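Q: This is the structure I have questions about; it appears just below.
The values are calculated or read from the model by the stated rules, or taken from the named source; none is laboratory data. Owing to the predicted nature of the structure, the values given are computational and were not obtained by experimental measurement. FYI the Cβ positions are ideal-geometry reconstructions off the backbone, even for glycines, and counts take in every protein chain you see. Ligands, DNA and RNA are excluded from the accessible area calculation, which covers all protein heavy atoms including side chains. Shrake-Rupley method; radii C 1.70, N 1.55, O 1.52, S 1.80 Å.
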Amino acid sequence: MKPQARAIHQPDGCPDALDLWAFAEGRLDPQTSEKVMTHVTDCAECGSRLRVIAAPGEEDFSADELAMIDNLPSARPSGRTALVKKMRGERWAFGPAMRIAAMIAGVGIVLGGFWYTRQGLTPDADKLIATAYTSRRPFAYRLTGGGNPGPVRIERASSTLTDLPREVVDALVALDQTVARRPEDPKLLSALGQAKLLAVDLPAAIETLERAHQLSPLDEGIASNLATALALESERLEAGEANRPLMMRSLKLLDDCLGRRPSDSVARFNRALVLKSLGRDSEAAADLRQSLRDEKDPAWRDEITRQLKDIQP
Amino acid sequence: VNVIVYSLPVDFSALSITALLKSCLDHNHTEAWDEFIRRFHRTIAGSIYKILRTYGPCDPALLEDLVQDVFLRLCADRYRSLREFQANDEASFYGFLKATAVNAARDHFRRVHSVKRRGEASAEPIDLIRNNSGDANESERAYHDSITLQRIDERLRSGEAVDAERNRFIFWLHYRDGYSASEIARLHPVGLTAKGVEAVLRRLMEDVKGGGLSAGGRGQTSG
């Protein structure tokens, strides 16, 4: 074994015995060897240590001394067995570096597992909603989950699962399972509420979105979706005076949203539709014009323009 | 293949050190480790014993503790020191074991001294007790010996010979540490045979005597 590049002197000022061994075997470089030689010459302790290391055998022991050494517990079969057990156990023991590495790996696994679990519990809700909305747009209102404005296919009543497009069913199932595990998460509840809206299960959508709104009353996205659900329910009930409070509450929610965030183009577009339903066309047109200024998505700009033409042909 | 090999009886006592180490490290075989302890126990225990006896009567319990400490040191960090060891010859491995044993003994005394410095022990060094109990004549003789050796050392230091440092090293190993000429010759940095070491010692003694100094008669040259 080549001598290791390490400091020759230990804290007590003497060389390590492994350096003395390398010195005795002539394996140190000349400069280091000279240093060790000088030290050993002046140090009685290292002189005797060197002698122990370089001595050829045990010939200088008396019979009594040899008997004492050979009768040590570790020299006897039972003692050897116990010692072997400890020595073999070292195979699985971690050194300090391995312990630190294991600790880091452990923390990484825990954090990774936590992240993975969170990922597993939280499907990409917006993506699910956007896909479902694009595949089937049962109302003119916009959803905060996104999606492109396809042709509106009005559904007056909730459909059975078998009637719904696969994308909507996927969103309903995935979000329903996730909400069952985390029923107090307002974002997830809002996503599930939107999925129920797409399934045109309006009472269920309102119930879910109301819960989300209670949990997070200042969330503009949730309020906007609840406003959509209330407006749709109001329209479904063929908006007589009895159902006007639903539409008014929808308007109030959207007013609040735009009060807090005037650039919310989804809320502004939806408010325009609510105002239109209430017969307040000029206000609806003003919202649509503003919405047209704020909107960047060309598909939605086209939709806003179309809505605007409906009001002001 | 390993199952077949190890189902056959293996005489570990007949293995070379390299083969035995391979059996221990690669296969972690119980019988191989047992043979490892059996084969090297005396070397390790003997080395520790030699250090312990310089401090006074040897306590077998302490010796046993340190022996076990050495075996476990060799296995520490998943046998790193044993895995990194590359023997040129078998004697080299014995030297490595002795050095590890010496380190264990030295670390023990370093710990003991550290505890004493903190005032947690009241044990008195055995050398101090000896000096106190010795008679005045013996102390006086030791004092004169040390003065003589000091003068010899000064003379050796002032020498201009190319090998002055080596000669001083040989002189001290012989007169202070009790090495024989053949033992000194085994140290590779000395680069001399036993006869060569004897010649150096003889010349040094003549030089010292010529300078009117006496070494005090400690140690003997032998080959």
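Q: Looking only at segment B:107-116, decide whether some residue is over 26 Å from the mean Cα position of the chain (by Cα), over 30 Å from B:Leu20 (Cα atoms) and either modelled with pLDDT under 85 or among the charged types (D, E, K, R) (or both).
A: Scanning segment B:107-116 turns up no residue that is over 26 Å from the mean Cα position of the chain (by Cα), over 30 Å from B:Leu20 (Cα atoms) and either modelled with pLDDT under 85 or among the charged types (D, E, K, R) (or both).
Q: Next up: With A:Ser277, A:Ser234 as the choices, which residue is among the polar types (S, T, N, Q), in contact with a Leu (Cβ under 8 Å, 6 or more places away or on another chain) and over 18 Å from A:Ser190 (Cα atoms)?
A: Result: A:Ser234 is the single residue among A:Ser277, A:Ser234 that is among the polar types (S, T, N, Q), in contact with a Leu (Cβ under 8 Å, 6 or more places away or on another chain) and over 18 Å from A:Ser190 (Cα atoms).
Q: Any idea which of A:Leu28, A:Leu83 is within 20 Å of B:Ile48 (Cβ to Cβ) and either open to solvent by less than 80 Å² (accessible area, probe 1.4 Å) or assigned to a helix (DSSP H, G or I) (or both)?
A: Being within 20 Å of B:Ile48 (Cβ to Cβ) and either open to solvent by less than 80 Å² (accessible area, probe 1.4 Å) or assigned to a helix (DSSP H, G or I) (or both) holds for just one of A:Leu28, A:Leu83, which is A:Leu83.
Q: Now for a separate question. Only residues that are facing chain A (nearest Cβ under 8 Å) and of a type in the set (A, V, I, L, M, F, W, C): list them for segment B:172-202, please.
A: B:Trp172, B:Leu173, B:Leu187 - these are the residues of segment B:172-202 that are facing chain A (nearest Cβ under 8 Å) and of a type in the set (A, V, I, L, M, F, W, C).
Q: Let me ask another. Taking the stated definitions as given, is A:Thr117 of a type in the set (Val, Ile, Thr), modelled with pLDDT under 75 and in a helix (DSSP H, G or I)?
A: Taking the combined requirement at face value, the residue satisfies it.
Q: Another question, then. Exactly one condition in (1) within 11 Å of another protein chain (Cβ to nearest Cβ); (2) open to solvent by less than 40 Å² (accessible area, probe 1.4 Å); (3) more than 18 Å from A:Val52 (Cβ to Cβ) is false for B:Ala19; which is it?
A: (1)
Q: If you take the residues of segment A:31-44 that are β-branched (Val, Ile, Thr), in contact (Cβ under 8 Å) with a residue 12 or more places away in the chain and at the interface with another protein chain (Cβ under 9 Å from one of its Cβ atoms), which of them is surrounded by the most Cβ atoms within 10 Å (Cβ to Cβ)?
A: In this case the residue turns out to be A:Val40.
Q: A further question on this structure: Go over the candidates A:Gly47, A:Gly79 one by one and state the one that is at the interface with chain B (Cβ under 7 Å from one of its Cβ atoms) and among the small types (Gly, Ala, Ser).
A: Step by step, each of A:Gly47, A:Gly79 is checked, and only A:Gly47 is at the interface with chain B (Cβ under 7 Å from one of its Cβ atoms) and among the small types (Gly, Ala, Ser).
Q: Next question, about the same structure. Quick one: would you say B:Arg157 is open to solvent by 80 Å² or more (accessible area, probe 1.4 Å), at pLDDT 75 or above and within 11 Å of chain A (Cβ to nearest Cβ)?
A: yes
Q: Something else now. Return a yes/no flag: does segment B:56-66 have any residue that is aliphatic (A, V, I, L, M), at negative phi and under 16 Å from the mean Cα position of the chain (by Cα).
A: Scanning segment B:56-66, I find at least one residue that is aliphatic (A, V, I, L, M), at negative phi and under 16 Å from the mean Cα position of the chain (by Cα), so the answer is yes.
Q: Select from segment B:44-55 the residues that are surrounded by fewer than 18 Cβ atoms within 10 Å (Cβ to Cβ) and either touching a residue at least 24 places away in the same chain (Cβ under 8 Å) or over 16 Å from the mean Cα position of the chain (by Cα) (or both) and list them in ascending order.
A: Listed by number, the list holds a single entry, B:Tyr55.
Q: Continuing with this model, one more query. Would you confirm, using the coordinates I've provided, whether B:Arg83 is more than 9 Å from chain A (Cβ to nearest Cβ), surrounded by fewer than 16 Cβ atoms within 10 Å (Cβ to Cβ) and under 25 Å from A:Ala24 (Cβ atoms)?
A: yes
Q: A further question on this structure: Please go through segment A:17-30 and give me each residue that is facing chain B (nearest Cβ under 8 Å) and small (Gly, Ala, Ser), ordered by number.
A: Listed by number, the residues that qualify are A:Ala17, A:Ala24, A:Gly26.
Q: Within segment A:85-100, is even one residue modelled with pLDDT of 85 or more and within 30 Å of A:Asp185 (Cβ to Cβ)?
A: no
Q: Still on this structure: For residues in segment B:36-65 being more than 7 Å from chain A (Cβ to nearest Cβ) and out of contact with any Leu (no Cβ under 8 Å at 6 or more places or on another chain), which is farthest from A:Ser62 (Cα to Cα)?
A: Filtering first and then ranking leaves B:Asp65.
Q: Looking at A:Ala223, A:Ala239 in this structure, which one is at pLDDT 90 or above and of a type in the set (A, V, I, L, M, F, W, C)?
A: Only one candidate passes the filter, namely A:Ala223.
Q: Further, regarding this structure: Which of the residues spanning segment A:169-207 are within 16 Å of A:Leu226 (Cα to Cα) and among the basic types (Lys, Arg)?
A: A:Lys187, A:Lys196
Q: Shifting gears a bit: Do we find that A:Pro73 is more than 7 Å from chain B (Cβ to nearest Cβ), open to solvent by 40 Å² or more (accessible area, probe 1.4 Å) and under 20 Å from B:Cys75 (Cβ atoms) in this structure?
A: no
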